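Novice: Here it is: the structure, laid out below.
Readers should treat all values here as calculations from the given coordinates under stated rules, not as data from a laboratory. Because the structure is predicted, anything quoted here is derived from the model rather than measured. Here the Cβ is made from the backbone with ideal geometry for all residues, glycine too, and neighbour counts use every protein chain on show.
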Amino acid sequence: MASRRAMAQSERLRRVRAEFWPDADPWTGGEYDDGWFKAPRTLPLVLSLIRDKKLSPKSDPTNVYLELLSRQFGDGIVEIQNEADHAYAAGYTSTRAKRTWEEHMRLLESLGFIKIKGIGPSPYKYVLIVHPSTAIHELEQKGLVQKEWMDVYRDRCAITKELSYEDRQAARKRANVRPIAVG
């Protein structure tokens, strides 16, 4: 019974993704991601990039990012039921916990690591976790990634057999998946 429920939930979230982000490149940990478990083996590097003071000068949104990753189950989507619960799970417990969580959500979105879809009174109803290679590629194109960091990241990807952004896009194209819009 639980497996049918999980399959129905997954199918419903795939429909949500198709509706709100038809051209997106969600992080699913799926078929194009050799060398990954449910998170990339480059996750520590990705977190160091997110917390880099050039990208996040006033705060560190990595706990929010990790909390979101822990709540997606292979479809790249997180459904936000209660913002305060997410804030608490990310380690925010003060009176401004929800506000800090919201600020970090918007920062992650501005950096390109997530996309947010509000529905009605819920400004954070659905969150798409963007594939990190896509977010990193876009930041690099904007000149926001240090060359040294990028060299280490590319080397680690080669070691772990993670596809480069370009190879991943080519694989998606061959599979007849619509490419993402960059820019």
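Novice: Sort THR28, THR42 so the one with the fewest other Cβ atoms within 10 Å of its own Cβ comes first.
Specialist: THR28, THR42
Novice: If contacts are Cα pairs under 8 angstrom and at least 6 residues apart, what is the relative contact order of the chain in percent?
Specialist: So the answer I get is 27 percent.
Novice: Another question, if that's okay. When the Kirkwood hydrodynamic radius is evaluated over all pairs of different C-alpha atoms of the chain, what value in angstrom, to one decimal, is obtained?
Specialist: Roughly 17.1 Å, rounded to one decimal.
Novice: How much length is gained on full extension from SER110 to ARG156, taking 0.36 nm per residue of separation minus their Cα-Cα distance?
Specialist: 14.0 nm
Novice: Another one. Do the sum for the chain: with -39,500 (n - 2.57) for every DSSP H run of n ≥ 4, divided by all residues, what is the mean residue ellipticity at 222 nm, to the nearest 500 deg cm²/dmol?
Specialist: Rounded to the nearest 500, the figure is -16000 deg cm²/dmol.
Novice: Going Cα to Cα from LYS98, which aspartates and glutamates come in below 20 Å? Please leave out same-chain ones fewer than 8 positions away.
Specialist: Reachable aspartates and glutamates: ASP60, GLU67, GLU79, GLU83, ASP85, GLU109.
Novice: Taking trypsin sites (Lys or Arg not before Pro) as exposed when DSSP calls them loop (any state but H, G, I, E, B) and at most 12 other Cβ atoms lie within 10 Å, what is the longest stretch of the chain free of them, the sites themselves excluded?
Specialist: In the chain, the maximal stretch lacking such sites is 1-52.
Novice: Taking springs between alpha-carbon atoms closer than 10 angstrom, which of ILE159, ILE77, ILE116 fluctuates most in the Gaussian network model of the chain?
Specialist: ILE159
Novice: For GLU148, put the label point 7 Å out on the Cα→Cβ axis and report which residues of the range 39-81 keep their amide N under 20 Å from it.
Specialist: Backbone N within reach: 43-57.
Novice: How much length is gained on full extension from GLN9 to ARG96, taking 0.36 nm per residue of separation minus their Cα-Cα distance?
Specialist: That works out to 28.1 nm of additional length.
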